[in-house]
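Novice: Here it is, the structure in full.
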Amino acid sequence: MKVLAGRIAIAVAVLALWEAVAAPLNPLFYIRPSVLPGALVAMWRVPELPPLAEHVWLTVKEIAAAYAIAVAAGLWLGFLLGLRTTVGRVYEPLLAALYAVPSVIWYPSLMLFFGLGPASKIAFGVLLGFFPVVLSVLAGVRQVPPTLVTVARSMGARPFTVFRKVMLPAMASTMVGGLRAALALAVVGVLVGEILGARAGVGYVISYAYGLMMTREYAVLAVLVGAGVLALDTAGALVEARVKRWAG
Amino acid sequence: MGRLGVLGCQALSLGALLLLWEAAVRTGVADPLFVPTPVAVAAALGPTAREALPRLGDTLLKALLGYALAVGLGVLGGLWLGSRRFAHAVAMPYVVAAYGVPKVLVLPWIVLICGLGTTTAVLTATLFAVFPILLMVAAGARDVDPTLVTAAVAMGATRGQVSRKVLLPAVMPSVVAGMRVGIVFAMLGVLLAEMFAGTRGMGFLMQRMALAFRASDLFAATAIVSVLSIVVVLSLEHLSRRLSRWR
């Protein structure tokens, strides 16, 4: 109860402080929180921006495509490297080194190669989402107790049964963490791509509003998209908790 | 397979990849306008490096400034949040939410207020790097074994001694882990800010190369930044291994 009161107090204090600091300053740059609801209603009534629903839908499709490809490629490579120790020892350091590169620097090349359309956003989302999947599968495979695998095999379990009944439960919680991080990064990749240069998608609308100095509209969009991403991430956290309970 | 064998295999695979890439462009599978051959990239390395080095210095300096701010804020905030139960319970959902929200969404606003210059890039770097550091340090500070503290106090250690001799060594690994993650995020923040609204710096240069279809220069610049950041991260890793030995 006290904790909840504290949380509400922080939120109220931050908003009030922001309101007070921004009040005497230029309202075009220092957007006060209190103008946001009004701006949202105005946007709803008199749409000056490109039609939002289409752009949101496009972004959702881009994210879904990027996530699907990143997970498929990441699982494949992760198991390939994790189950064959020799291959893993050769390529894992290379992957780790690539992971140390700040990922935005790939974006200009991707944009050059895939153009300004959805393909470059999907490619960037894949690139970002791919690493956490591979690395979590590798970490997960290492967590499987080898004695359990040996025991199951000596009792006559087939390779697929060993995988399903022994390996998967032992590595599930690590892997699911990676899959959740990958979703967050696929979202970031698509949004970054759209904001840096696109002709469609939510990020494009944000860039568009910002470019026309429609700062209130920009702020409303940023808050809405941020809330949407948080909701998605919370759903991911619930799934992760469930899988962890299943895996024990 | 020994260490040398692994290194040999890595070199061989990289070489094979480069050959395959060269062949793909030469045979017309990939368009050289968008994908330059490795030979062309290698030829572009020299001139690009000359163009890039001053900008890279600019970018690195901004990243380091933002990183220093993020480490300061993140470590202090993390220690504070990790050691107070109530503050942790109250503030953690906000920190996690701030960590989860894509920071690109705030970037236009920072540009509006701070302009196109250094401040924007430094602040973006701080914004990107501070939350992972904060979260890792807070988790580390929470996981300090309380019996260690009790034992030290029971044997007559002062508050300062407890912080220096018990808490600091116990938290050190998570601080170093946070710092290692933070440096990549700080560089990412600066490069992104420069790509979005830069007038100088490496991110700006790369974005311009892409828009001007200078493919081989762009690939060379990408290679230079990649190698640089890998070197930075590997040396931090080396440092953290030495620190853990000290512990």
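Novice: Summing +1 for each Lys or Arg and -1 for each Asp or Glu, what net charge is found among the other residues whose Cβ lies under 15 Å from the Cβ of A:Lys2?
Specialist: Net charge around A:Lys2: +3.
Novice: How are the alpha carbon pair distances in the stretch A:53-247 distributed across 5 Å bins from zero to the largest one, expressed in percent?
Specialist: Bin by bin from 0 Å, the calculated values are 1, 8, 13, 16, 16, 14, 11, 8, 6, 3, 2, 1, 0, 0.
Novice: Treating cross-link reach as a plain straight distance, find the lysines whose alpha-carbon is under 19 Å from the alpha-carbon of A:Lys61, omitting any fewer than eight places away in the same chain.
Specialist: A:Lys121
Novice: Find the accessible area per residue for the stretch A:128-248; the probe is 1.4 Å, ligands and nucleic acids are left out, and the unit is Å².
Specialist: The answer is 47 Å² per residue.
Novice: With axes computed from alpha carbons, what is the tilt in degrees of helix B:168-197 against the longest principal axis of chain B, rounded to the nearest 10 within 0 to 90?
Specialist: 40 degrees
Novice: Might you tell me the accessible area per residue for chain B, computed with a 1.4 Å probe and given in Å²?
Specialist: Solvent-accessible surface per residue comes out at 50 Å².
Novice: Would you mind estimating how fast the stretch A:54-108 diffuses translationally, via Stokes-Einstein at 10 °C and 1.306 mPa s with the Kirkwood radius over Cα pairs, in µm²/s?
Specialist: 119 µm²/s
Novice: Still on this model: For a distance above 26 Å, tell me the whole-number percent of Cα pairs in the stretch B:112-229 that qualify.
Specialist: Summing the P(r) tail past 26 Å for the stretch B:112-229 gives 44 percent.
Novice: Quick one: go through the stretch A:181-219 and flag any residue whose amide nitrogen is under 13 Å from the point 7 Å out along the Cα-to-Cβ line of A:Leu28.
Specialist: Counting backbone N atoms under 13 Å from the label point, the list is A:211-216.
Novice: Using every pair of alpha-carbon atoms in the stretch A:1-149, split the distances into 5 Å bins beginning at 0 and state the percent of pairs per bin, rounded to integers.
Specialist: Going out from 0 Å in 5 Å bins, the stretch A:1-149 shows 2, 8, 10, 11, 10, 9, 11, 13, 10, 7, 5, 3, 1, 0 percent.
Novice: Using only Cα atoms, what is the ratio of the radius of gyration of the stretch A:20-87 to 2.2 N^0.38 Å? Walk me through the numbers on the way to the answer.
Specialist: Numbers: Rg = 22.8 Å, N = 68, 2.2 N^0.38 = 10.9 Å.
The value comes to 2.08.
Novice: Right, next: Answer rounded, prolate or oblate for the stretch B:2-139, using the Cα gyration tensor with square roots of eigenvalues a ≥ b ≥ c: rounded when a/c is under 1.5, else prolate when a/b is larger than b/c, else oblate.
Specialist: prolate
Novice: Just to verify a number: FRET efficiency for A:Leu94 and B:Arg208, C-beta to C-beta distance, R0 = 30 Å, to 0.05?
Specialist: Values: r = 30 Å, r/R0 = 0.99.
Between A:Leu94 and B:Arg208 the formula returns 0.50.
Novice: Hey, what number do you get for chain A at 222 nm if only DSSP H runs of n ≥ 4 count, each worth -39500 (n - 2.57), divided across all residues, to the nearest 500?
Specialist: Only helices count here, giving -26500 deg cm²/dmol.
Novice: Calculate what fraction, in whole %, of the accessible area of the stretch B:63-144 sits on carbon and sulfur atoms when a 1.4 Å probe is rolled over the protein chains.
Specialist: 74 percent
Novice: Suppose we compare each residue of the stretch B:1-24 in its chain alone and in the full protein complex with a 1.4 Å probe; which ones drop by at least 20 Å² of accessible area?
Specialist: With the partner chains in place, the stretch B:1-24 has these residues losing at least 20 Å²: B:Met1, B:Val6, B:Gln10, B:Ser13, B:Leu14.
Novice: Report the accessible surface area buried between chains B and A, summing both sides, using a 1.4 Å probe on protein heavy atoms only, in Å² rounded to the nearest 100. It would help to have the intermediate numbers written out before the result.
Specialist: Values: alone 14500 and 14990 Å², together 25200 Å².
Separately minus together, B and A give about 4300 Å² buried.
Novice: Hey, another quick one. List the residues, sorted by chain then number, that are 5 or more residues from A:Phe29 or on another chain and whose placed amide H is less than 5 Å from its amide H.
Specialist: none
Novice: Take the solvent-accessible surface of the protein heavy atoms, probe 1.4 Å, and return the percent of it on the stretch A:53-247 that carbon and sulfur atoms account for.
Specialist: That share works out to 70 percent.
Novice: Would you mind pulling out the separation of the Cα centroids of the stretch A:1-45 and the stretch B:19-65, in Å?
Specialist: The stretch A:1-45 and the stretch B:19-65 have Cα centres separated by 45 Å.
Novice: Related question: What aspartates and glutamates does B:Lys62 reach when the alpha-carbon gap must be under 15 Å and sequence neighbours fewer than 8 apart in one chain are set aside?
Specialist: Within reach: B:Glu194.
Novice: Sticking with this one: For the stretch B:91-138, what log10 I(q)/I(0) values come out of the Debye formula at q = 0.27 1/Å, with one point per alpha carbon and no solvent?
Specialist: The computed values of log10 I(q)/I(0) come out as -0.97.
Novice: Along each of its three principal axes, how wide is the spread of alpha-carbon positions in the protein assembly as shown, in whole angstrom units, largest first?
Specialist: Reported extents, whole Å, longest axis first: 74, 71, 45.
Novice: Now for a different question. Once every Cα of the stretch A:81-173 carries one equal point scatterer and solvent is ignored, give the base-10 log of I(q)/I(0) from the Debye formula at q = 0.16, 0.23, 0.25 Å⁻¹, two decimals.
Specialist: The Cα Debye sum returns log10 ratios of -0.77, -1.11, -1.20.
Novice: Please report how far the C-alpha centroid of the stretch A:144-163 lies from that of the stretch B:122-157, rounded to the nearest whole angstrom.
Specialist: Measuring centre to centre over Cα atoms gives 40 Å.
Novice: So, one more: Provide Rg and Dmax in Å for chain B, with only Cα atoms included in the calculation.
Specialist: 22.6, 77
Novice: Turning to a different aspect of this structure: For chain A, what are the DSSP H helices with axial Cα length of 27 Å or more and mean Kyte-Doolittle hydropathy of at least 0.5?
Specialist: Numbers: long enough: A:2-22 (30 Å, 1.74); A:52-83 (46 Å, 1.45); A:118-143 (38 Å, 1.41); A:168-196 (41 Å, 1.73); A:215-247 (47 Å, 0.78).
TM-like helix candidates: A:2-22, A:52-83, A:118-143, A:168-196, A:215-247.
Novice: Give the lysines whose C-alpha is closer than 22 Å to that of A:Lys165, dropping any in the same chain fewer than 8 places away, or say none.
Specialist: Here the lysines satisfying the reach criterion relative to A:Lys165 are A:Lys244.
Novice: What do you get when you divide the Cα radius of gyration of the stretch A:198-248 by 2.2 N^0.38 Å, with N the number of residues?
Specialist: Taking the Cα Rg and dividing by 2.2 N^0.38 Å, one obtains 1.68.
The values are calculated or read from the model by the stated rules, or taken from the named source; none is laboratory data. Here the structure is a predicted model, which means the values were calculated and not measured. No Cβ is skipped: glycine too gets one built from the backbone with ideal geometry, and neighbour counts run over all protein chains shown. What goes into the accessible areas is simple: the full protein's heavy atoms, side chains included, and nothing from ligands, DNA or RNA. Shrake-Rupley method; radii C 1.70, N 1.55, O 1.52, S 1.80 Å.
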